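Please read the structure below before turning to the comments.
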Amino acid sequence: MMYRVIRCPGCLTFTYVDPYQHWKLCHVCGEVIDATRAPVYLEVIDHQDAERVVCQLQDYLEETCREDLDDAEKKKIRSEYARWVRSRID
């Protein structure tokens, strides 16, 4: 099962949902997130990867004092994650 890394539209906290989940309650601000409309930053293989990615993305934005990733950065993390998954299979 793949998990989707998304972001709360209210407080901008990263979180994740499974592909069948339509709603998620934000654990920070309590907003109900429409998972079908939230932008997907990355799709990962399991919830452990999702948890790690969520923490890394949040840390990166805090360290760089930025509000969001640009399209090039999103593309890069997707590519790097795919490369990492392939290396685990080999």
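The values are calculated or read from the model by the stated rules, or taken from the named source; none is laboratory data. Everything numeric here is computed off the predicted structure, so don't read it as measured data. A quick note on method: Cβ atoms are made from the backbone with ideal geometry, for glycine too, and the neighbour counts reach across all protein chains shown. Note: areas computed on protein heavy atoms with side chains; ligands, DNA, RNA excluded. Shrake-Rupley method; radii C 1.70, N 1.55, O 1.52, S 1.80 Å.
Express in nm, to one decimal, how much length is gained between residue 48 and residue 12 on full extension, taking 0.36 nm for each residue of separation and deducting their alpha carbon distance.
Result: 10.9 nm gained on full extension.
Using DSSP loop states and a limit of at most 15 other Cβ atoms within 10 Å to flag GluC sites (Glu not before Pro), what is the longest stretch of the chain containing no flagged site?
That gives 32-66 as the longest site-free run.
Is the shape of the chain best called rounded, prolate or oblate, per the rule: a/c under 1.5 gives rounded, else a/b larger than b/c gives prolate, else oblate, with a ≥ b ≥ c the square roots of the Cα gyration tensor eigenvalues?
oblate
To the nearest 20 Debye, how big is the dipole of region 1-52 about its Cα centre, given +1 on the beta carbon of each Lys and Arg and -1 on that of each Asp and Glu?
For this selection, approximately 160 debye.
Kindly report, to the nearest 10 Å², the accessible surface of residue 57 as traced by a 1.4 Å probe over protein heavy atoms only.
Only protein atoms counted, so the area is about 10 Å².
What is the magnitude of the charge dipole of the chain about its Cα centre, with +1 placed on the Cβ of each Lys and Arg, -1 on the Cβ of each Asp and Glu, and no other charges, expressed in debye to the nearest 20?
Dipole of the chain, to the nearest 20 debye: 300 debye.
Projected onto the charge dipole of the chain (+1 at Lys/Arg Cβ, -1 at Asp/Glu Cβ, origin at the Cα centre), which of 23, 69, 1 gives the Cα projection farthest towards the positive end?
The listed residue farthest towards the positive side: 1.
Could you work out what % of the accessible surface of the chain is carbon and sulfur, using a 1.4 angstrom probe and leaving DNA, RNA and ligands out of the count?
After summing per-atom areas, the C and S share lands at 53 percent.
Please compute the modelled spin-label separation between residue 2 and residue 36, points set 7 Å along Cα→Cβ, answer in nm with one decimal.
That separation, rounded to one decimal, is 1.8 nm.
Determine the calculated [θ] at 222 nm for the chain from helices alone, applying -39500 (n - 2.57) to every DSSP H run no shorter than 4 residues and normalising by the residue count; nearest 500 deg cm²/dmol.
The per-residue figure over the chain is -14000 deg cm²/dmol.
Scan the chain and report its longest stretch carrying no trypsin sites (Lys or Arg not before Pro) that are both in a DSSP loop and have at most 15 other Cβ atoms within 10 Å.
1-36
Note down the net charge around residue 61, summing +1 for each Lys or Arg and -1 for each Asp or Glu among other residues with Cβ under 14 Å from its Cβ.
So the surrounding residues net to -4.
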